[in-house]
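Here's the structure, in structure tokens; my notes come after.
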Amino acid sequence: MAWFKTQYRKIFLAILIVFIIGFGFLLWQAQQPRLLKVAFLNIGQGDAIYIEAPNGNQVLIDGGPGRQVLRALGRVMPWTDHSLDLVIATHPDADHIGGLPAVLERYQVALVMDNGQPSDTSYYQAWAAASALTVKHGANKILAKRGERIVLDQEKNVFLDILFPLDIPTGKDTNDGSIVARLTFGQSSFLLTGDATLKVEGNLLALDPAGVKAVVLKAGHHGSKTSSGPDFVRAVAPAYAIISAGLHNRYGHPHQSVLDTLTAAGATIFRTDEQGTIVCTSDTLVTNCAPAT
């Protein structure tokens, strides 16, 4: 009997110690400053951007060319988390929407957004079918249009503002209708350009040149010379420039002229093809970007 009592005390003491350590960790975690996190995912030749607001709201902008986005998300999200508050398809090109049907299948999504531009490709048809099914299961869907504001964290004033398109895009070049969004959190700001072309950049400068200024610029179209014009980059005046591209891609992205333009603007350049996923964090005052560890 005495032996059982001794063992019982040991088990009770072990459980108590685990409880105290766990409670202490949760208390320490609750006291840490809540940060905004933006991860530019390494998914090959394409775009996929994960945003987590201080209150925990989560956004995925684009999904790269295929299912590799699922593995990339698993590295920046808790493995038990299978929900996203918002999924955005910037435009109907395969290297941006190819992986989104898999995301909508795997994750519970509350809101989906695209620019309303159709395409006759199989990738777009898969996105359209998957998003329609998500809506059928209870999600909402909205069209991106300049002036639309998504409130990601009301208390901390984290906003995602749609700067472009002005209306549902038309024309053969789908990049001319790419969604451009500006994420703000205090003094931190991110300009997320999708595959916006020089033409789109010119439109944005004509509308509001001060409205594109940002600490972090996601360089348009994977660093192609069809984007990131000198006037536009100077107006953005980024401290950091992120280029999402695949290693040794057949397009030659990023082009040297774009790298030169970003360097001349004083931006520190990060590239997913060379450094993998890039994670930026902000506490409203200071923004830091670095390759994921």
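Brief remarks on what is shown
- Remark: spin-label model distance Thr268-Arg71 equals 2.8 nm, labels positioned 7 Å along the Cα→Cβ axis.
- Helix 122-136 axis, angle to the chain major axis (alpha carbon atoms, nearest 10°): 50 degrees
- The label point for Ala239 and the one for Gln125, both projected 7 Å from the Cα toward the Cβ, are 4.8 nm apart.
- Reachable aspartates and glutamates, given that their alpha-carbon falls under 20 Å from the alpha-carbon of Lys156 and they are not under 8 places away in the same chain: Glu52, Asp85, Glu148, Asp283
- Gain on full stretching of the segment that runs from Glu148 to Lys37 - 0.36 nm per residue minus C-alpha separation: 37.8 nm
- Intensity falloff of the chain expressed as log10 I(q)/I(0), Debye formula with alpha-carbon point scatterers, at q = 0.07, 0.12, 0.16 Å⁻¹: -0.29, -0.73, -1.28
- Counted by neighbouring Cβ atoms within 10 Å, the residues Ile97, Ile162 run from fewest to most as Ile162, Ile97.
- Residues whose amide H lies under 5 Å from that of Ile269, counting only those 5 or more places away or on a different chain, are Ala241; hydrogens are built 1.01 Å from N in the peptide plane.
- Looking at the chain, the DSSP beta bridges with both ends there are about 60 percent antiparallel.
- Separation of the Ala110 and Ala292 label points, Cα + 7 Å toward Cβ, nm: 2.3 nm
- Percentage, to the nearest whole number, of Cα pairs in the stretch 85-235 over 18 Å apart: 57 percent
- For the chain, adding -39500 (n - 2.57) for each run of n ≥ 4 DSSP H residues and dividing by the number of residues yields -9500 deg cm²/dmol at 222 nm.
- In the chain, the longest principal axis of the Cα atoms and the axis of helix 2-31 are about 30 degrees apart.
- Amide H contacts of Gly116: Ala144, each under 5 Å away and 5 or more positions distant or on a separate chain (H built 1.01 Å from N in the peptide plane; Pro and chain starts excluded).
Coordinate-derived values only; no laboratory data. These figures come from a predicted structure and were not determined experimentally. Positions of Cβ are backbone-derived with ideal geometry, glycine not excepted, and every protein chain shown enters the neighbour counts.
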